Amino acid sequence: MAAQVYSKKDKKFPVLPNLADYEKLHAEFNWSEASKELDWFEDGKLNAAYNAIDRHAKGDRKDKLALIWEGAKGEKKQYTFLDLFKLSNKFANLIKNKGAQKGDRIFIFLPRIPYLYTAFLAILKNGSVAGLLFSAFQEQALLDRLSDSGAKILFTNSELAKRVEGIRSKLPELKEILIVDTPEFENELAAQPDSFETVKTDPSDFAFMLYTSGTTGKPKGVVHHHYAIVAQHATAKYVLDIHDTDIYWCTADPGWVTGIAYTILGSWSCGVTSFIDEGRFDPSRWFQKLQDYKINIWYTAPTAIRMIMAEGEDLPKKYDLSHLRHILSVGEPLNPEAIHWSIKTMGMPFHDTWWQTETGCISIANYPTMDIKIGSMGKPFLGMEAAIVDDAGKPVANDTEGNIALRPGWPSMMKTIWQRQEKYDSYFINNWYLSGDRGYRDSDGYFWFIGRSDDVIKTSGERVGPFEVESALVEHPAVVEAGVIGKPDQARGEVIKAFVVLEKEYLDKVKTTEEAQKLKDELSQYVKKHLAGHAYPREVEFIDKLPKTRSGKIMRRILKAKEMGQPVGDTSTLEEY
Ligand code: WTA
């Protein structure tokens, strides 16, 4: 079936330079030219935080607003680039006084308050490595990440700090917990000088790390270097189409890569004014923000878009969106209906972008000036080579399904997986980086997403590993073992579903449907309280036995096929089921 195309022929975008001739630009683009837009120290040194904030604070943008913030209770604050420069300098002095050194891991476990952003910048300025923890994490998720990384200092607030108390004794390397909403912290911060000599890091020095999930094992620490900002800057300019007069809103939390690359690094590097909203998602409230803050560029995610669509076509029409120019999406497949809907209700299409924690920057995108084949992720970013390859890393023909792969060597490719070299190596085959996603490329060079090649779950755009959820479930006394899958869901993309084998004594206790439901709810809540507020099973099913391979691995593929009423496929390696 031929794709529907949204033509950009008559649309005007203030893009510089004009991207209409994608093929030409793609061929001409080179990273060393692009890297000249950044400020380098002598001897080829580069610091990402310096580029995001300091250089603007020292130049023409010093009095320009960098951050317009609205708190969960409606509080409002504004910071110029100079304000952020000074405040992050104070934070940098503070951690330095606490003994933070180059390469030390310093973690942040905070809601989207201004101090999250200044702490992040300070850690990079000090040459330390910033680690981010999503504020929905509970004890187990925190313990896994803080212990694996050997974090030395943790920024948090009094509310979230309670979740760390119970695991503190298991974290011998964690020397200091800084609770930012206390008078003691404020006093200590106030006493710091607002100037700081930003460390002249090497481009290949580690800058930040984020734990992310695969199919097997605990989450892995994806580490990025300072040089990644070169790619984040270029993509913010060409894909997000950031201009000096724009007000930009990326709705992602910095607990996920989008909130780092495109709220802190690439976007501020382009000198944009960012709106940051601490509050929770709410369709009407979000439209109110788009109107009130005169947002020009809006970068959000399919689950939010689908939930907004569920409110009806009248919602966007109630607001003045005349400032909105460019809207984009990331994190999960953007369904064609969402694009048709935005054209109808807001007069412009959502632009899908594809990338991953590991790729560090938007890797495949619908550019502002390029025709959109509705349902496609677009074309590779300038300077990046993408292909569809088979399992041996051999490119396949157009229109053939295979692994979405990238040629290694772009600036923001992950630097390593923290202390797991073999995991890092396993991403590469035949000089291609394999994303774990399946898709195809059509004869016009557009890429189309099909699904994951592994069991990674995407629920409301957030990446969850089934193993983490299974491990949390088996901690409950009722559970012998558990198999966890992502079940397709209209609004959330996928929801987490757990198949649970019960201990004999519990089996005897759940004779009625009510009793069974009570235990299912208890198990969901258990994961929610121990692992993370977003990574719990919304559905639990009791099952006598899990399908396993002869070597004892849970075959989630079979659980999924059964759930979907599909054929189970090849079961030759399956233990009798
Ligand atoms: C999925 C988020 C379809 C994909 C920046 C990928 C997408 C994973 C898209 C990475 C898209 C991201 N269409 N799927 N436009 N963008 N994904 O690491 O499966 O949280 O591998 O990074 O999200 O998720 P991560």
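Going by the structure shown, is Asp244 under 29 Å from His226 (Cβ atoms), away from the ligand (no atom under 16 Å from the Cβ), over 23 Å from the mean Cα position of the chain (by Cα) and in the same structural domain as Gly360 (by TED's automatic domain parsing)? Judged against the criteria, Asp244 is a match. Considered as a group, the residues in region 220-235 that are outside any helix (DSSP H, G or I) and among the β-branched types (Val, Ile, Thr) include one that is surrounded by the most Cβ atoms within 10 Å (Cβ to Cβ), and that residue is Val222. Selection of region 305-328 for residues being within 16 Å of Pro349 (Cβ to Cβ) and not charged (D, E, K, R) yields Ile305, Ile308, Met309, Pro316, Leu321, Leu324, His326, Ile327, Leu328.
If you check Trp418, Trp410, Trp448, Trp355 for being in contact with a Gly (Cβ under 6 Å, 6 or more places away or on another chain) and closer than 30 Å to Asp104 by Cα, only one passes: Trp418. In a residue-by-residue description of region 297-310, the property of being surrounded by 23 or more Cβ atoms within 10 Å (Cβ to Cβ) and not hydrophobic (A, V, I, L, M, F, W, C) applies to at least one position.
Yes/no per residue for (1) under 29 Å from Asp489 (Cβ atoms); (2) assigned to a loop (DSSP other than H, G, I, E, B):
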{"position": "Pro316", "(1), (2)": "yes, no"}
{"position": "His340", "(1), (2)": "yes, no"}
{"position": "Met348", "(1), (2)": "yes, yes"}
{"position": "Gln356", "(1), (2)": "yes, yes"}
{"position": "Met370", "(1), (2)": "no, yes"}
{"position": "Gly383", "(1), (2)": "no, yes"}
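Taking region 548-577 as the search range and keeping residues that are over 17 Å from Lys487 (Cα atoms) and in contact with a helix residue (DSSP H, G or I) (Cβ under 8 Å, 6 or more places away or on another chain), which one is modelled with the highest pLDDT? Per the stated criteria, the residue is Gly569. Determine whether region 512-519 contains at least one residue that is exposed (fewer than 14 other Cβ atoms within 10 Å of the Cβ), assigned by TED's automatic domain parsing to the domain that holds Val474 and under 24 Å from Ser213 (Cα atoms). Taking every residue of region 512-519 in turn, none turns out to be exposed (fewer than 14 other Cβ atoms within 10 Å of the Cβ), assigned by TED's automatic domain parsing to the domain that holds Val474 and under 24 Å from Ser213 (Cα atoms). Within region 479-490, residues that are basic (Lys, Arg) sit with their Cβ atoms under 9 Å from residues that are outside any strand (DSSP E or B), at 6+ positions apart or across chains, in these pairs: Lys487/Arg538; Lys487/Lys560; Lys487/Glu563; Lys487/Met564. Hey, could you check region 317-333 for residues that are in contact with a Phe, Trp or Tyr (Cβ under 6 Å, 6 or more places away or on another chain) and free of Cβ contacts under 8 Å to residues at least 40 places away in the same chain and say which is nearest to the ligand (Cβ to nearest atom)? Checking each candidate, the answer is Ser329. Considering region 463-530, the qualifying helices (runs of 4 or more DSSP H), each wholly inside and each with 2 or more residues that are more than 16 Å from the ligand (Cβ to nearest atom), of a type in the set (Lys, Arg) and under 25 Å from Leu142 (Cβ atoms), run over 513-530.
Scanning region 236-289 for residues that are among the β-branched types (Val, Ile, Thr) and more than 20 Å from Thr80 (Cβ to Cβ), we see that the one that is surrounded by the fewest Cβ atoms within 10 Å (Cβ to Cβ) is Thr251.
Scanning region 401-419 for residues that are part of a loop (DSSP other than H, G, I, E, B) and in contact with a strand residue (DSSP E or B) (Cβ under 6 Å, 6 or more places away or on another chain) returns Glu401, Pro408, Met414, Lys415, Trp418. Could we say that Met346 is among the aliphatic types (A, V, I, L, M), touching a residue at least 60 places away in the same chain (Cβ under 8 Å) and more than 27 Å from Ile53 (Cβ to Cβ) here? Against the criterion (among the aliphatic types (A, V, I, L, M), touching a residue at least 60 places away in the same chain (Cβ under 8 Å) and more than 27 Å from Ile53 (Cβ to Cβ)), Met346 does not qualify.
Just to be sure, is Thr273 closer than 28 Å to Ala57 by Cα, within 14 Å of the ligand (Cβ to nearest atom) and not assigned by TED's automatic domain parsing to the domain that holds Gln490? No: the conditions fail for Thr273. Where residues in region 251-266 are within 11 Å of the ligand (Cβ to nearest atom) and among the hydrophobic types (A, V, I, L, M, F, W, C), which of them is nearest to His326 (Cα to Cα)? The extreme case among them is Ala252.
Results for (1) in contact with a Pro (Cβ under 7 Å, 6 or more places away or on another chain); (2) over 16 Å from Leu531 (Cβ atoms); (3) surrounded by fewer than 24 Cβ atoms within 10 Å (Cβ to Cβ), shown as yes or no for each residue.
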{"residue": "Pro111", "(1), (2), (3)": "no, yes, yes"}
{"residue": "Ala130", "(1), (2), (3)": "no, yes, no"}
{"residue": "Leu133", "(1), (2), (3)": "no, no, no"}
{"residue": "Ser149", "(1), (2), (3)": "no, yes, yes"}
{"residue": "Lys152", "(1), (2), (3)": "no, yes, yes"}
{"residue": "Gly166", "(1), (2), (3)": "no, no, yes"}
{"residue": "Leu171", "(1), (2), (3)": "no, yes, yes"}
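For region 542-565, a residue qualifies if it is outside any loop (DSSP other than H, G, I, E, B) and surrounded by 15 or more Cβ atoms within 10 Å (Cβ to Cβ), and the qualifying residues are Phe542, Lys548, Ile554, Arg556, Arg557, Ile558, Leu559, Lys560, Ala561, Lys562, Glu563. Taken together, the residues in region 266-310 that are assigned to a loop (DSSP other than H, G, I, E, B) and under 27 Å from Phe449 (Cα atoms) amount to 3.
Of all residues in region 54-77, those that are within 30 Å of Lys200 (Cβ to Cβ) have Cβ atoms under 8 Å from Cβ atoms of residues that are among the small types (Gly, Ala, Ser) and surrounded by 14 or more Cβ atoms within 10 Å (Cβ to Cβ), 6 or more apart or on another chain, in His56/Ala66; His56/Gly271; Arg61/Gly271; Lys64/Gly271; Ala66/Ser274; Leu67/Ser274. So in region 438-462, with the set limited to residues that are acidic (Asp, Glu) and not in a strand (DSSP E or B), which one is nearest to the ligand (Cβ to nearest atom)? Among them, the one singled out is Asp454. Across region 423-437, the number of residues qualifying as surrounded by fewer than 19 Cβ atoms within 10 Å (Cβ to Cβ), of a type outside the set (Ser, Thr, Tyr) and either near the ligand (Cβ under 9 Å from one of its atoms) or not in a strand (DSSP E or B) (or both) comes to 5.
Of all the numbered requirements in (1) over 17 Å from Ile113 (Cα atoms); (2) in a loop (DSSP other than H, G, I, E, B); (3) touching a residue at least 60 places away in the same chain (Cβ under 8 Å), Gly255 misses one, and that requirement is (1). Of all the listed residues (Arg441, Arg420, Arg407), the sole one being buried (at least 21 other Cβ atoms within 10 Å of the Cβ) and at pLDDT 95 or above is Arg441.
The values are calculated or read from the model by the stated rules, or taken from the named source; none is laboratory data. Computed from a predicted structure; not experimentally measured. Methodologically, a virtual Cβ is constructed for each residue, glycine included, from the backbone with ideal geometry; neighbour enumeration extends over all protein chains shown.
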